[in-house]
Amino acid sequence: QVQIVESGGGLVQPGGSLRLSCAASGSRFSIYFLGWYRQPPGKQRELVATITSGGSTDYADSAKGRFTISRDNAKNMVYLQMNSLKPEDTAVYYCYARVPIVGYWGQGTQVTVSS
C-alpha cells in the first residue's frame with residue numbers, strides 16, 4: 001500500500017503561480033511512474049503531467065509551457081510548478097503513483113484561480 005499526500009493548493013489570482021507537492025510512501029519510490037491529474041468543477045478527471053522513473057515528462061496541451069513536473073527521489077516527492085495560471089486551471093489536483101502496475105491516488109488539493 002502506498003500513501004499519497006498532496007499539498008500546496010489554494011487561491012491565486014490569474015497570472016500567478018503555485019507549486020503543488022506530493023509525498024509518496026514506499027522504499028521503491030525511484031521506480032514509480034508519477035503524475036498529476038485534475039478535475040475541474042462538473043467535469044471529468046484529466047491528465048495534467050506525468051514523469052517516468054527515468055525523468056521523462058509529458059504534458060497535456062493545456063499545461064505545456066506553463067507547468068513543470070519534477071521529482072526528488074531522495075525525498076519521495078513529486079512537484080508541479082504552475083505558472084501563468086488561468087481561471088480555467090481551477091480544479092482539484094490529484095497526485096498519482098503507479099507501482100509498477102498498481103495505481104494509487106491522493107485525496108486531492110484544491111486550486112482556485114480567481115481575482
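The values are calculated or read from the model by the stated rules, or taken from the named source; none is laboratory data. Here the structure is a predicted model, which is why all the values come from computation and not from measurement. So basically every Cβ, Gly included, is an ideal-geometry build from the backbone, and we count neighbours across all protein chains shown. When the accessible area is computed, the model is the full protein with side chains, heavy atoms only, and any ligands, DNA or RNA have been set aside. Shrake-Rupley method; radii C 1.70, N 1.55, O 1.52, S 1.80 Å.
Given the options Gly26, Asn83, Tyr96, identify the residue whose Cα lies farthest towards the positive end of the charge dipole of the chain (+1 on Cβ of Lys, Arg; -1 on Cβ of Asp, Glu).
Gly26
If you place +1 on the Cβ of every Lys and Arg, -1 on the Cβ of every Asp and Glu, and leave all else neutral, what size is the dipole of the chain about its Cα centre, to the nearest 20 Debye?
On the way: 11 positive and 7 negative charges, 25 e Å.
That gives a dipole near 120 debye.
For the stretch 55-115, with only Lys/Arg (+1) and Asp/Glu (-1) charged at the beta-carbon, what is the dipole magnitude about the Cα centre, in debye rounded to 20?
Numbers: 6 positive and 5 negative charges, 29 e Å.
Its charge dipole is roughly 140 debye.
Springs between alpha-carbon pairs under 10 angstrom, Gaussian network model over the chain: which of Val78, Val12, Val102 fluctuates most?
Evaluated over the chain, the most mobile residue of the options is Val102.
Give me the aspartates and glutamates in straight-line cross-link reach of Lys64: C-alpha distance below 20 Å, same-chain residues under 8 apart excluded.
Glu46, Glu88, Asp89
Enumerate the calculated ³J(HN,Hα) couplings along the stretch 73-81 in order (Karplus 6.51 cos²θ - 1.76 cosθ + 1.60, θ = phi - 60°), each rounded to whole Hz, writing x wherever the residue is Gly or Pro.
Per residue, the Karplus-derived 3J(HN,Hα) values read 5, 5, 10, 6, 10, 10, 10, 10, 8 Hz.
Mind checking Rg over Rh on the chain, alpha carbons, Kirkwood formula for Rh?
Details: Rg = 13.3 Å, Rh = 14.0 Å.
The Rg/Rh ratio comes out at 0.95.
Over the chain, what percent of the accessible surface lies on carbon and sulfur atoms, probe 1.4 Å?
On the way: 2780 of 5860 Å².
Here carbon and sulfur together make up 47 percent of the probe-accessible area.
What accessible area per residue comes out for the chain, rounded to a whole number of Å², with a 1.4 Å probe? Numbers along the way, then the final one.
Values: 5860 Å² over 115 residues.
I get 51 Å² per residue for the chain.
Connecting C-alpha atoms closer than 10 Å in a GNM of the chain, tell me which of Gln81, Gln44, Gln13 has the biggest fluctuation.
Greatest mean-square fluctuation among the candidates belongs to Gln44.
Which of the aspartates and glutamates could a cross-linker span from Lys75 if the Cα-Cα distance has to be under 16 Å and same-chain partners fewer than 8 positions apart are dropped?
Glu6
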